[in-house]
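The values are calculated or read from the model by the stated rules, or taken from the named source; none is laboratory data. The model shown is predicted, which means the values in this text are computed figures rather than measured ones. Counting neighbours? That spans all protein chains shown, and the Cβs are built from the backbone with ideal geometry, glycine included. What goes into the accessible areas is simple: the full protein's heavy atoms, side chains included, and nothing from ligands, DNA or RNA. Shrake-Rupley method; radii C 1.70, N 1.55, O 1.52, S 1.80 Å.
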Amino acid sequence: MAYDVARIRGLIPSLGDGWIHLDPQAGMQIPDVVSRMVSTAFRNASSSAAGRHASSRRSAGILEAARVAIADLVGGHPDGVVLGPSHSVLLAWLAEALSSKLGLGTGMVLSRLDDEANIAPWLRVASRYGARVRWAEIEIDTCDLPTWQYEELITSTTRLVALTAASSIVGSAPDVRVVADLVHEVGGLMVVDAAAAAPYAHIDMEDLGADILTVDAAAWGGPQLGALVFRDPSHLDRVPAMSLDPHARGPERLEVGGHQFGLLAGLPASIDFLASLDDTASGSRRSRLETSISSMQDYQDGLFDRLLRQLDSLTGVMVLGRASSRVPTLSFTVEGVPAEKVAAHLADRRIETMASTRGTSRLLDSLGVSDEGGAVSVGLAPYTTTFEIDQLVRELRNL
């Protein structure tokens with residue numbers, strides 16, 4: 001069997017804790033190989049990649065390997081990979097760096113589908129420097145994000161469009177390339193948040209048309225680190241530097257402070273783990289990623305269909321949205337029961353989910369769900385089983 005979920009579960013020690021982990025939006029469980037690489041690096045690496053001593057050379061090698069691994073994951077070039085504490089922190093640094101291009105007389109387009117990480121930094125910049133913000137809205141019934149609206153939203157003054165590749169809340173995956181082509185026609189930048197998509201889809205930033213793409217390693221079971229990838233690495237030297245080093249070049253211009261080399265050592269291991277989900281995968285890391293993620297998608301498609309059918313069979317349970325293109329995450333409400341109470345009921349039975357209430361999600365606020373007690377979010381992971389899905393539904397039926 002190419003995709004063996006039992007084999008995969010055996011490689012993740014935390015899955016022996018007796019809990020059902022259906023909250024990958026908070027970070028997937030960490031494979032043993034990642035933990036071991038991090039532990040080894042903390043014992044041997046230096047706090048700096050500069051210098052001639054052996055530990056510094058090891059740190060420099062760790063940094064280079066991390067850039068190469070991220071580039072392999074998204075189809076970019078290592079010279080365009082910026083590394084930092086998380087994708088949300090990196091997006092904040094990016095917004096600050098680009099703020100000089102987003103003043104009075106310019107505009108940006110944001111979407112209600114995006115997580116706050118790809119909204120709040122741009123709103124702060126717009127408020128400070130006067131850029132006009134326009135919003136792309138979702139269809140309430142399906143939670144799709146229609147791309148036709150961008151034909152009116154994007155104008156000759158638009159300098160930037162920020163858009164998610166997939167929603168971590170309802171799973172909707174918009175057609176990013178259509179939007180990218182429109183903003184490129186007016187000379188604007190396309191910033192794509194792929195944090196929620198990367199654990200589930202084979203990412204190719206060229207196909208997406210992303211000028212800058214961001215991912216978060218914790219989302220696929222990696223260390224607590226994020227990355228920004230510039231499609232054109234030379235663009236980095238045209239962006240105002242955020243670094244404390246006045247001589248910084250390339251990715252270092254947006255890397256504030258030092259690196260956590262111990263954590264960085266786990267980054268390639270986590271991506272190699274993704275590439276090994278299908279034990280028949282071969283060739284380059286990029287090729288193995290494509291094969292493994294395709295096999296995982298086949299497995300999860302059946303599992304997600306089962307989850308949707310069973311949730312639909314429950315009285316009083318409503319799944320939010322039926323997007324035409326999506327990743328296997330969703331949110332649901334239970335009539336008359338606040339989301340926090342539902343999540344607590346499930347947690348008492350050792351099932352981890354996420355409760356979103358007022359103020360925690362612009363998407364749910366715009367749907368009016370927050371006014372009715374919020375929603376519970378769940379998602380699949382490479383290690384999720386049929387038994388776990390059935391157990392979730394059984395406990396909801398007993399609510």
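Once the Cα-Cα distance is subtracted from the 0.36 nm per residue extended length, the Glu206 to Arg394 segment shows a gain of 63.4 nm.
If R0 is taken as 41 Å, the Cβ-Cβ distance between Val337 and Asp301 corresponds to a FRET efficiency of 0.90.
Working note: Cα gyration tensor of the range 61-163, eigenvalues times five, square-rooted, sorted largest first, giving semi-axes of 28, 19, 13 Å. Near Gly222, once Lys and Arg are set to +1 and Asp and Glu to -1 for all other residues with Cβ below 12 Å from its Cβ, the sum equals -2.
The calculated FRET efficiency for the pair Ser14 and Arg43, based on their C-beta separation and a Förster distance of 30 Å, comes to about 0.90.
So how much slack lies between Arg124 and Glu352, counting 0.36 nm per residue of separation and subtracting their Cα-Cα distance, in nm?
Values: separation 228, 0.36 × 228 = 82.08 nm, distance 3.33 nm.
Result for the pair: 78.7 nm of gain on full extension.
Each residue of the chain gets 134 Å³ once the volume of the Cα convex hull is shared out per residue. Only protein heavy atoms count here; under a 1.4 Å probe, Trp19 has an accessible surface of about 70 Å². Between Ser366 and Trp148, residue separation times 0.36 nm minus the direct Cα-Cα distance comes to 76.5 nm. Near Ser270: Cβ cut-off under 15 Å, other residues only, Lys/Arg at +1 and Asp/Glu at -1. The net charge is 0. Computed with every protein chain present, the accessible area of Glu395 is close to 20 Å² [probe 1.4 Å].
By DSSP, the beta bridges lying fully in the chain are antiparallel in about 55 percent of cases. Electrostatic bookkeeping for Glu388 treats Lys and Arg as +1 and Asp and Glu as -1; over the other residues with beta carbon under 14 Å from its beta carbon, the sum is 0. With a simple spin-label model that places each label point 7 Å from the Cα along the Cα-to-Cβ direction, the separation between Asp237 and Arg249 comes to 0.7 nm.
To put it simply, the accessible area of the chain at a 1.4 Å probe is 50 percent carbon and sulfur.
Heavy atoms of the protein chains alone define the surface here; on that basis the range 49-206 has 38 Å² accessible area per residue at 1.4 Å probe size. Histogrammed with a bin width of 5 Å, the alpha carbon distances of the range 279-329 distribute as 4, 17, 21, 17, 13, 11, 8, 6, 3, 1 percent, first bin at zero. The simple spin-label model puts a point 7 Å past each Cα toward its Cβ; for Glu139 and Ser35 those points are separated by 4.5 nm.
First check a/c for the range 1-147, with a ≥ b ≥ c the square roots of the eigenvalues of its C-alpha gyration tensor; if it is under 1.5, answer rounded, and if not, answer prolate when a/b is larger than b/c or oblate otherwise.
oblate
Once all protein chains are placed together, Tyr129 keeps about 90 Å² accessible to a 1.4 angstrom probe. Place a point 7 Å from Cα of Arg286 in the direction of its Cβ. Which residues in the range 64-82 have their backbone N less than 13 Å from it? Only 68-79 pass the distance filter.
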